[in-house]
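Reading through the structure tokens given below for one structure.
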Amino acid sequence: MRRRDDLLAQLAALLVYFGADLLEDPGTGELARTAAVLAGEYLVSDRGEEVRRAAVLLKEAAAELHAADRFRGTLLPVVNRHLRCAVALLVRARAGLGTAAGPAAAGRPHAGAIR
């Protein structure tokens with residue numbers, strides 16, 4: 001099982017791919033807000049269905065992060081489960097963008113293409 005701090009660092013790095021600023025020592029609440037903002041940006045994008053599918057996964061990841069934030073400091077196994085679910089959702093979203101033509105296919109973040 002991964003430690004909470006490792007999961008938070010992995011989540012922060014994944015969110016950078018989608019266009020977030022790199023967060024130093026992020027908390028679950030901060031990551032949840034960031035994922036929700038990115039989901040909103042991706043949802044209104046006119047860059048294709050892949051971006052809108054990524055928006056749905058970003059929104060689901062934000063919900064998992066909000067759930068983890070509600071349990072912080074009390075039930076660490078529950079928090080870690082929500083964090084792992086958020087990681088899995090972001091990995092799926094990134095993979096979906098990686099199959100799309102454009103900047104993500106070339107290994108660059110897709111966020112620059114949606115703004």
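The values are calculated or read from the model by the stated rules, or taken from the named source; none is laboratory data. All values derive from a computational prediction rather than experimental measurement. When we count neighbours, we look across all protein chains shown, and the Cβ atoms used for this are built from the backbone with ideal geometry, even at glycine.
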(request) Please state which one of Asp25, Asp69 is touching a Ser or Thr at 6+ places or on another chain (Cβ under 6 Å) and of a type outside the set (Phe, Trp, Tyr). (result) Asp69
(request) Could you figure out which of (1) under 12 Å from the mean Cα position of the chain (by Cα); (2) of a type outside the set (Asp, Glu); (3) at pLDDT below 95 isn't true of Ser45? (result) (1)
(request) Name every residue in the range 9-57 that is under 19 Å from Arg81 (Cβ atoms) and either outside any helix (DSSP H, G or I) or out of contact with any helix residue (DSSP H, G or I) (no Cβ under 7 Å at 6 or more places or on another chain) (or both), in order of residue number. (result) Ala9, Pro26, Gly27
(message) Can you find a residue that is buried (at least 16 other Cβ atoms within 10 Å of the Cβ), modelled with pLDDT of 95 or more and hydrophobic (A, V, I, L, M, F, W, C) anywhere in the range 94-108?
(response) no
(request) Among the residues of the range 39-51, count how many are in contact with a Phe, Trp or Tyr (Cβ under 7 Å, 6 or more places away or on another chain) and either over 14 Å from Tyr17 (Cα atoms) or surrounded by fewer than 17 Cβ atoms within 10 Å (Cβ to Cβ) (or both). (result) 0
